[in-house]
Amino acid sequence: MKIVANVLDKETGDPIQFASVSLVDSKGKNLGFGTMTDKFGAFTLNNSILDREDVFVEITAVGYAKQSFTPEEFSAYDDTVRLDPTAKEMENVVITYTKKKVDQIKKSNYALPIGLASAAVITFGIYFYIR
């Protein structure tokens, strides 16, 4: 069996690029076969495993609700699958930063000749204490 279809945004009708199209069993376990949509939202699946009765096509994309259906159900979609956009909010994220003093870094790890130290300061923006 061969499936050729497009994946579109249900609200805008825009193609969904790089959506994952996987073959799963009736328990939702990935069978190791699948593809991705191209920049036009199109994909092709051509595998003999599609002929099995317990196989489902699962389409997922970031920001969209997942859809699963049997290969035979594609005729009902008219070779076009429309995914519902979903919005999920994350909890607040707190980023902390601790600045270390230069004196805490062992000088022996940075034993460079003066000329190289100057080049490193200019090239990499590294600050050295030269005593």
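When you look at Val62, is it under 21 Å from Asp84 (Cβ atoms), of a type in the set (A, V, I, L, M, F, W, C) and exposed (fewer than 11 other Cβ atoms within 10 Å of the Cβ), yes or no?
So Val62 fits the description; yes.
Out of (1) within 12 Å of Ile3 (Cβ to Cβ); (2) in contact with a strand residue (DSSP E or B) (Cβ under 9 Å, 6 or more places away or on another chain); (3) not β-branched (Val, Ile, Thr), the odd one out for Lys39 is which?
(1)
Does Phe69 fit the bill of being at pLDDT 85 or above and either aromatic (Phe, Trp, Tyr) or over 19 Å from the mean Cα position of the chain (by Cα) (or both)?
Here the answer is yes, as Phe69 does meet what is asked.
Given the criteria closer than 22 Å to Lys10 by Cβ and surrounded by 12 or more Cβ atoms within 10 Å (Cβ to Cβ), does Phe33 qualify?
Details: closer than 22 Å to Lys10 by Cβ: no; surrounded by 12 or more Cβ atoms within 10 Å (Cβ to Cβ): yes.
So Phe33 fails the test.
Identify the residue in the stretch 22-34 that is of a type in the set (Gly, Ala, Ser) and either touching a residue at least 12 places away in the same chain (Cβ under 8 Å) or part of a loop (DSSP other than H, G, I, E, B) (or both) and, among all such residues, is nearest to Tyr64 (Cα to Cα).
Taking the candidates together, the pick is Ser22.
Condition (residue is more than 19 Å from Pro85 (Cβ to Cβ), outside any helix (DSSP H, G or I) and in contact with a strand residue (DSSP E or B) (Cβ under 6 Å, 6 or more places away or on another chain)) applied to the stretch 7-21: is it met by at least one residue?
no
Which of the following residues is more than 30 Å from Thr12 (Cβ to Cβ), out of contact with any helix residue (DSSP H, G or I) (no Cβ under 6 Å at 6 or more places or on another chain) and either modelled with pLDDT of 55 or more or of a type in the set (Phe, Trp, Tyr) (or both): Tyr97, Tyr77?
Details: Tyr77 fails: more than 30 Å from Thr12 (Cβ to Cβ).
After ruling out the rest, the residue left standing is Tyr97.
The values are calculated or read from the model by the stated rules, or taken from the named source; none is laboratory data. Computed from a prediction, not measured in an experiment: that's the story for all the values here. Methodologically, a virtual Cβ is constructed for each residue, glycine included, from the backbone with ideal geometry; neighbour enumeration extends over all protein chains shown.
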